[in-house]
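*Asks:* Let me begin by handing over the structure; questions about it come next.
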Amino acid sequence: MGEISEFLSRGKTPVYTKESQYPVLAQKCNQWDSIRLDKVLFLDPNSLSKWTNEYHLQHEDIVINSTGTGTIGRVGIFDIGILGKYPFIVPDSHISIVRCYKAYIYQKYIYAIFTSEHLQNKINKAATGSTNQKELPKNILIEFFLPLPPLAEQKRIVAKIEELFAQLDFITTTLTK
């Protein structure tokens, strides 16, 4: 991961405020089905300088819950469209950001790999710390090896996955009627 990532880091510990101007992405916002801002807390503007621009989430950044039994390894792909009125969002210290070089890496492919059972098992085995406070340190994440076909093949794989999940959704919907 370290060789294919333009930016790979854990977030920072925020100082919160009631002023709803700068949202902070926390684990409870990163759910398996989507990233949601309905439970978001907000960053104190006086501590804004702590987060340089590289920490502002970009479209299709991969975000990974990096702390806690039961939540560690939960992966999301950030869609800038959810920001609405907010200028940006930053991750707290329990979230890791993976931003790969887009000229060579299709972020949706990396997302598909991270959500696979194989990599989820690897994340859980690599986690360090006590039973209830498992951590996925940045240095472990950087060392993950991923299968990396050419960019066109990455896109083809993602298209096939999306096609199969659409068929699965159709079948599930049909059977539950």
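The values are calculated or read from the model by the stated rules, or taken from the named source; none is laboratory data. Keep in mind the model is a prediction, meaning the values are calculated, not measured. Don't worry about glycine lacking a Cβ; one is built from the backbone with ideal geometry, like all the others, and counts go over all protein chains shown. The protein model used for the area step is the full one, side chains on, heavy atoms only, and it has no ligands, DNA or RNA in it. Shrake-Rupley method; radii C 1.70, N 1.55, O 1.52, S 1.80 Å.
*Asks:* Which value in deg cm²/dmol, rounded to the nearest 500, describes the helix-derived mean residue ellipticity at 222 nm for the chain, given -39,500 (n - 2.57) per DSSP H run of n ≥ 4 and division by the residue count?
*Replies:* My calculation for the chain gives -8500 deg cm²/dmol from helical runs alone.
*Asks:* Calculated from the structure, Cα Rg over 2.2 N^0.38 Å equals which of [x] 1.30; [y] 1.03; [z] 1.07?
*Replies:* Computing Cα Rg over 2.2 N^0.38 Å and matching it to [x] 1.30; [y] 1.03; [z] 1.07 gives [z].
*Asks:* Next question, about the same structure. Full-extension gain between residue 128 and residue 46, please, as 0.36 nm times their residue separation minus the C-alpha to C-alpha distance.
*Replies:* 26.2 nm
*Asks:* While we're on this one: Assuming 0.36 nm per residue, please report the length gained on full extension of the stretch residue 85 to residue 139 beyond their Cα-Cα distance.
*Replies:* 16.0 nm
*Asks:* For region 1-102, which GluC sites (Glu not before Pro) pass both filters: DSSP loop (anything but H, G, I, E, B) and at most 16 other C-beta atoms within 10 Å?
*Replies:* Passing both the DSSP loop test and the Cβ count: 3, 19.
*Asks:* Also, quick follow-up: Quick one: length gained pulling residue 15 to residue 168 fully straight, 0.36 nm per residue minus the C-alpha distance?
*Replies:* Contour length minus Cα-Cα distance gives 50.8 nm.
*Asks:* What spacing in nm lies between the two simple spin-label points modelled at residue 54 and residue 101, each 7 Å away from Cα in the Cβ direction?
*Replies:* 1.5
*Asks:* Another question, if that's okay. Within region 56-146, what whole-number % of the accessible surface is contributed by carbon and sulfur, with the 1.4 Å probe and all protein chains included in the calculation?
*Replies:* 54
*Asks:* Shifting gears a bit: Going by a ≥ b ≥ c, the root eigenvalues of the Cα gyration tensor, does region 70-152 fall in the rounded group (a/c under 1.5), the prolate group (a/b larger than b/c) or the oblate group?
*Replies:* It comes out oblate by the Cα gyration axes.
*Asks:* Another question, then. Return one whole number: the accessible area per residue of region 1-114 in Å², for a 1.4 Å probe.
*Replies:* Ligands and nucleic acids excluded, the result is 45 Å² per residue.
*Asks:* In percent, how large is the relative contact order of region 54-177, given Cα pairs closer than 8 Å and 6 or more residues apart?
*Replies:* Relative contact order, region 54-177: 26 percent.
*Asks:* Hey, can you rank 100-111, 163-174, 30-41 by average C-beta count inside 10 Å, highest first?
*Replies:* Most protected by this proxy first, the peptides run 100-111, 30-41, 163-174.
*Asks:* Here's something else I'd like to know. At what distance in angstrom do the alpha carbon centres of region 39-80 and region 125-155 lie from each other?
*Replies:* Centre-to-centre (Cα) distance: 17 Å.
*Asks:* Count the DSSP beta bridges whose two residues both fall in the chain, then state the antiparallel fraction as a percent rounded to the nearest 5.
*Replies:* Within the chain, antiparallel bridges account for around 85 percent of the total.
*Asks:* Give the lysines reachable from residue 50 as a straight Cα distance under 17 Å; neighbours fewer than 8 places away on the same chain don't count.
*Replies:* Partners within reach: 12.
*Asks:* Does region 110-177 classify as rounded, prolate or oblate by the C-alpha gyration tensor (a ≥ b ≥ c root eigenvalues; a/c under 1.5 gives rounded; else a/b over b/c gives prolate, otherwise oblate)?
*Replies:* oblate
*Asks:* Could you go through region 154-162 in sequence order and give the Karplus-derived ³J(HN,Hα) for each residue, using 6.51 cos²θ - 1.76 cosθ + 1.60 with θ = phi - 60°, rounded to whole Hz, and x for Gly and Pro?
*Replies:* Result, ordered by residue: 4, 5, 5, 4, 5, 4, 5, 4, 5 Hz.
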